[in-house]
Amino acid sequence: MAKRVLVLNGPNLNLLGTREPDIYGAETLQDVEALCQRTGEEFGLTVVFRQSNHEGELITWIHEARQTADAIVINPAGYSHTSVAIHDALKGVGLPVVEVHISNIHQRESFRHHSYVSAVAFGVICGFGVNGYRMALTALAEKLK
């Protein structure tokens, strides 16, 4: 049976391709979803892909993942630096988590250098553009064997 991976995207990622392309690139969120689906197929993973600008909705999906997923890839975007609630939700479900950032958050403003999610992720990928999602799914495929 295929392992199930929930790929969550936080606020403003729906603007990919148009928002600050010099930082985030020209790929759209639909392009990222297609990349994740192709990568999932390659590794025998079922990928469920979601985005929300609402913290509570992301937390609800994380809670649901306890029953519906084997692992989580999350790009918490701005919530990385502010959300203890997302940290607690991820910790509470006890699933393997990979945190992804399109840009290198450590080369940006100092407030972006800390992520509450990193403490509960077994891996953090940042600065590789949207290819970071592929890297995350590759790592999870290996971990879920």
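Here, each number is a calculation from the coordinates, and none is a lab measurement. Quantities reported herein were computed from a predicted structural model and do not represent experimental measurements. Cβ sites come from the backbone with ideal geometry, for glycine too, and all protein chains shown count toward neighbours.
Values computed for the structure shown
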quantity: 10 Å-binned pair-distance histogram of the stretch 59-145 (Cα, whole percent); calculated: 18, 51, 28, 3
quantity: Spin-label model distance (nm) - His81 vs Leu15, 7 Å beyond Cα toward Cβ; calculated: 1.4
quantity: Calculated FRET value between Glu42 and Thr68, using beta carbons and R₀ = 22 Å, to 0.05; calculated: 0.55
quantity: Amide H partners (placed H, <5 Å) of Ser83, local residues excluded; calculated: Tyr116
quantity: Stretchable slack from Leu144 to Gln30, in nm (0.36 nm times residue separation minus alpha-carbon distance); calculated: 38.5 nm
quantity: Span from the the stretch 27-51 Cα centroid across to the the stretch 58-96 one, whole angstrom; calculated: 18
quantity: Residues whose placed amide H lies under 5 Å from that of Val100, excluding near-sequence neighbours; calculated: Ile74, Asn75, Ile125
quantity: Candidate aspartates and glutamates - alpha carbon under 18 Å from Lys91, same-chain residues fewer than 8 apart omitted; calculated: Glu55, Glu57, Glu64, Asp70, Glu99
quantity: The chain - mean residue ellipticity at 222 nm from DSSP helices (-39,500 (n - 2.57) per run, n ≥ 4, rounded to 500); calculated: -12000 deg cm²/dmol
quantity: For the chain, radius of gyration divided by Kirkwood radius, i.e. Rg to Rh on alpha-carbons; calculated: 0.93
quantity: Simple spin-label estimate for His54 and Ile23 in nanometres, 7 Å along Cα-Cβ; calculated: 2.5
quantity: Reachable lysines from Lys3, criterion Cα separation under 17 angstrom, eight or more residues apart if same chain; calculated: Lys143, Lys145
quantity: Electrostatic dipole magnitude of the stretch 3-143 [Cβ: Lys, Arg +1; Asp, Glu -1; Cα centre; debye, to 20]; calculated: 260
